[in-house]
Amino acid sequence: MEFKDWTVASAAEAMRKGEISSVELVRALVAEKNARDGDIQAYLTFDEDGAIAAASEADSRRAAGDTSPLLGIPVAVKDLINVRGQPCTCASKILEGYVSPYDATVIARLKAAGAVCAGRVNMDEFAMGSSTENSAFKTTRNPHDLSRVPGGSSGGSAAAVAGGEAVCALGTDTGGSIRQPASFCGIVGFKPTYGRVSRYGVTAFASSLDQVGPMTKTVEDSALLAQALFGADPHDGTTALNPVPDFASALRGASLKGLRIGLPREYFVPGTAPEVTEIVKAAIGKCADAGAEIVDVSLPHTEYAMAVYYIVAPAEASANLARFDGVRYGHRSAKSDDVMSLYCRSRAEGFGQEVKRRIILGTYVLSSGYYDAYYGRAQRVRTLIRRDFDSAFGKVDFLLTPVAPTPAFKVGELQDPLSMYLNDLFTIPASLAGLPAISVPAGATAAGLPVGVQFIAPSFADAPLLACARAFEDTLA
Amino acid sequence: MSSEGFDVQYVARLAHLELGKDEASRFSGQLGDILKYMEKLRQLDVDGVEPTMHGHGRTNAFREDVPVQSVDQDLFLSNAPERTGDEYRLPKIVEDA
């Protein structure tokens with residue numbers, strides 16, 4: 001089997017049968033990465049010695065009878081998640097040279113399950129962007145067309161998986177940063193319900209929205225990773241105490257028959273590329289053919305979601321990024337002789353344009369005299385957006401929508417910040433409501449660019465959502 | 001709620017961010033456009049609507065007040081741009097008397 005064809009499930013099965021070892025799998029990954037990453041530019045760093053050591057330990061555990069499903073599986077990690085002893089730059093110059101002193105909870109969980117976390121992948125700086133062009137270090141390319149972006153902000157994760165140089169990856173999603181690159185690169189991207197996965201050790205962008213999730217080749221692989229990632233964490237007071245579902249049993253016999261799938265009319269409007277609309281319509285047809293009941297619904301406050309998001313997320317970001325001041329870690333300006341200029345210059349030299357723009361926007365909407373008009377109002381409209389979903393889910397089990405209005409665009413094509421922000425139109429509302437949502441490949445344009453569809457589920461219906469996505473995947477087979 | 005009178009240098013100072021002249025004028029224009037877009041929120045009546053702070057309902061998370069092993073100080077200080085022994089080193093903050 002070629003490396004690019006391994007899924008989490010098939011590699012685990014092959015290792016169980018003794019057909020391949022984890023060390024062999026990791027060596028194959030390194031060979032593919034070396035062959036392909038010159039073009040794709042997904043990886044920022046790869047700890048080869050650490051990977052071989054962890055893989056060889058996984059092989060020993062297996063020999064001793066351990067049967068964990070992720071044992072020996074390499075997982076590419078978005079560069080804002082702390083892995084002890086590895087860099088964690090968040091694709092920012094301000095964190096160049098920083099070495100993580102601890103493991104994020106998601107990493108501790110993956111390591112305990114025997115996964116190998118050695119490769120760090122590119123992203124938009126501090127997860128702010130929809131194309132991965134905002135990385136301070138490199139521009140990652142879409143493996144389906146190297147002149148195009150992989151999406152973002154988890155563009156390195158998506159490109160590494162789609163480009164056959166990773167088996168699976170972790171991404172983070174604040175307003176669509178897992179789902180949009182998954183759609184652009186033709187893979188599965190799953191954003192869990194807010195609170196399902198610990199944010200401890202995951203560099204914060206917008207704390208009320210950020211969520212870690214799997215980016216994989218199949219829905220089954222996302223379920224295997226989610227099983228390890230989910231659960232309450234004493235280190236993160238926002239993790240939910242709800243019991244973790246058994247994904248394997250949820251996926252068994254998954255079917256679309258009898259499911260009520262809602263189409264929110266506000267998501268089917270002019271402005272979406274005709275080829276995207278066509279692919280989404282075909283997906284709806286497949287769901288109907290498989291026995292789902294298709295229902296028209298309305299989410300009337302959808303048009304306000306983007307304005308709410310670009311107030312709430314920068315506001316939270318401006319507070320979270322205040323910690324980068326050149327004092328305790330990260331870049332310190334050499335040109336400062338007092339503390340205030342040390343703060344201001346270290347930040348000016350360390351942060352890129354989009355990050356500065358959002359810090360200023362966030363600071364402004366929180367500042368005295370503007371707080372109620374912007375932030376306070378946005379939080380109230382956020383409630384109206386949540387209520388829209390509550391009422392829709394009184395009528396249907398899931399919602400089906402496009403993921404993004406277009407397929408992957410060209411590198412350098414979107415120069416104006418506002419038009420870049422509009423890319424997140426269809427992914428932001430579920431983020432604001434904290435809902436689980438997934439992007440599943442649905443087809444490709446005539447030019448061969450992948451297009452995904454998004455399924456959105458009620459809060460904590462993560463397992464039924466994956467079952468629905470799995471059944472949809474079967475209709476394409 | 002208006003983007004008029006948006007003083008980018010004032011906000012940058014609040015944010016502890018030094019901005020060059022070009023940067024300031026570029027941001028001023030871009031953020032003006034973005035704030036204009038935000039004005040559509042004024043169309044909605046939100047009187048009596050509770051704000052949403054988070055995606056789910058959990059509020060306070062308490063634990064037993066028991067001391068636990070914390071992180072290794074030396075390891076954390078190893079990322080310091082400048083240190084003296086067990087302390088971060090910074091330019092002088094307090095003026096001479």
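The values are calculated or read from the model by the stated rules, or taken from the named source; none is laboratory data. Small disclaimer: the values here were computed from a predicted structure and weren't measured. Glycine also receives a Cβ, built like all others from the backbone with ideal geometry; neighbour counts cover every protein chain displayed.
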Within segment A:245-268, track down each residue that is closer than 13 Å to A:Ile284 by Cβ and in a loop (DSSP other than H, G, I, E, B).
-> A:Leu256, A:Leu259, A:Phe268
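Assess whether A:Gly412 counts as being farther than 30 Å from A:Lys257 by Cβ, away from chain B (no Cβ under 11 Å) and surrounded by fewer than 20 Cβ atoms within 10 Å (Cβ to Cβ). Write out each step before concluding.
Working: farther than 30 Å from A:Lys257 by Cβ: yes; away from chain B (no Cβ under 11 Å): yes; surrounded by fewer than 20 Cβ atoms within 10 Å (Cβ to Cβ): yes.
The answer is yes for A:Gly412.
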Exactly one of (1) surrounded by fewer than 20 Cβ atoms within 10 Å (Cβ to Cβ); (2) free of Cβ contacts under 8 Å to residues at least 40 places away in the same chain is unmet by A:Pro405. Its number?
-> (2)
How many residues does segment A:269-305 hold that are free of Cβ contacts under 8 Å to residues at least 60 places away in the same chain, in a loop (DSSP other than H, G, I, E, B) and either under 26 Å from the mean Cα position of the chain (by Cα) or at negative phi (or both)?
-> 2
Pick out the one residue from A:Ala373, A:Ala283 that is out of contact with any His (no Cβ under 7 Å at 6 or more places or on another chain) and buried (at least 18 other Cβ atoms within 10 Å of the Cβ).
-> A:Ala283
By residue number, the members of segment A:180-195 that are among the β-branched types (Val, Ile, Thr) and not in a loop (DSSP other than H, G, I, E, B) are A:Val188
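Can you tell me which residue is nearest to the other protein chains (Cβ to nearest Cβ) among those in segment B:78-97 that are part of a loop (DSSP other than H, G, I, E, B) and loosely packed, with under 11 Cβ neighbours inside 10 Å? Spell out the reasoning first.
First, the residues of segment B:78-97 that are part of a loop (DSSP other than H, G, I, E, B): B:78-82, B:85-86, B:89-97.
Now drop any that are not loosely packed, with under 11 Cβ neighbours inside 10 Å, which leaves B:85-86, B:92-97.
On the way: B:Gly85: 15, B:Asp86: 13, B:Lys92: 8, B:Ile93: 5, B:Val94: 10, B:Glu95: 10, B:Asp96: 13, B:Ala97: 17 Å.
If we take residues in segment B:78-97 being part of a loop (DSSP other than H, G, I, E, B) and loosely packed, with under 11 Cβ neighbours inside 10 Å, then B:Ile93 is nearest to the other protein chains (Cβ to nearest Cβ).
Could you please give the count of residues in segment A:364-388 that are among the aliphatic types (A, V, I, L, M) and facing chain B (nearest Cβ under 7 Å)?
Step one: list which residues in segment A:364-388 are among the aliphatic types (A, V, I, L, M), which gives A:365-366, A:373, A:378, A:381, A:384-385.
From the residues that got through so far, the ones that are facing chain B (nearest Cβ under 7 Å) too are A:373, A:378, A:381, A:384.
The total comes to 4.
Under the condition of being more than 8 Å from chain A (Cβ to nearest Cβ) and among the small types (Gly, Ala, Ser), which residue from segment B:55-77 is nearest to A:Thr193 (Cα to Cα)? Break it down stepwise before answering.
If we filter segment B:55-77 for residues that are more than 8 Å from chain A (Cβ to nearest Cβ), which is where we start, we get B:57, B:59, B:62, B:64-70, B:73-74, B:77.
Now narrow it down to the ones that are among the small types (Gly, Ala, Ser): B:57, B:70.
Details: B:Gly57: 12, B:Ser70: 30 Å.
Per the criteria, the residue is B:Gly57.
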Within segment A:397-452, which residues are hydroxyl-bearing (Ser, Thr, Tyr), out of contact with any Pro (no Cβ under 7 Å at 6 or more places or on another chain) and at pLDDT 95 or above?
-> A:Thr406, A:Thr427, A:Ser431, A:Ser439
Is at least one residue of segment A:346-363 more than 7 Å from every other protein chain (Cβ to nearest Cβ), more than 17 Å from A:Lys93 (Cα to Cα) and acidic (Asp, Glu)?
-> no
Consider only pairs whose beta carbons are under 8 Å apart and that are at least six residues apart or on different chains; among these, list those whose first residue lies in segment B:14-33 and is within 9 Å of another protein chain (Cβ to nearest Cβ) and over 18 Å from A:Tyr370 (Cα atoms) and whose second residue is modelled with pLDDT of 90 or more and not in a helix (DSSP H, G or I).
-> B:His16/A:Asp325; B:Leu17/A:Phe351; B:Phe27/B:Leu19
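The rows are residues; the columns are (1) charged (D, E, K, R); (2) under 31 Å from the mean Cα position of the chain (by Cα).
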residue: A:Arg332; (1), (2): yes, yes
residue: A:Met340; (1), (2): no, no
residue: A:Arg347; (1), (2): yes, yes
residue: A:Val355; (1), (2): no, yes
residue: A:Ile359; (1), (2): no, yes
residue: A:Leu366; (1), (2): no, yes
residue: A:Tyr370; (1), (2): no, no
Filter segment A:6-27 down to residues that are in contact (Cβ under 8 Å) with a residue 40 or more places away in the chain and part of a helix (DSSP H, G or I), then give me how many there are.
-> 9
Among the residues of segment A:222-240, is any at negative phi, within 14 Å of chain B (Cβ to nearest Cβ), in contact (Cβ under 8 Å) with a residue 40 or more places away in the chain and out of contact with any helix residue (DSSP H, G or I) (no Cβ under 9 Å at 6 or more places or on another chain)?
-> yes
Residue that is surrounded by the fewest Cβ atoms within 10 Å (Cβ to Cβ), among those in segment A:319-341 that are in contact with a Lys or Arg (Cβ under 7 Å, 6 or more places away or on another chain) and within 7 Å of chain B (Cβ to nearest Cβ) | A:Ser336
Which one is surrounded by the fewest Cβ atoms within 10 Å (Cβ to Cβ) among residues in segment A:214-239 that are assigned to a loop (DSSP other than H, G, I, E, B) and touching a strand residue (DSSP E or B) at 6+ places or on another chain (Cβ under 9 Å)?
-> A:Gly231
Working carefully through the options A:Ser459, A:Ser368, find the one that is on the phi < 0 side of the Ramachandran plot, crowded, with 19+ Cβ neighbours inside 10 Å and not in a helix (DSSP H, G or I).
-> A:Ser459
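B:Glu50: in contact with a Ser or Thr (Cβ under 7 Å, 6 or more places away or on another chain) and not in a helix (DSSP H, G or I), yes or no?
yes
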Looking at segment A:249-259, is at least one residue surrounded by fewer than 20 Cβ atoms within 10 Å (Cβ to Cβ) and under 27 Å from B:Ala61 (Cα atoms)?
-> no
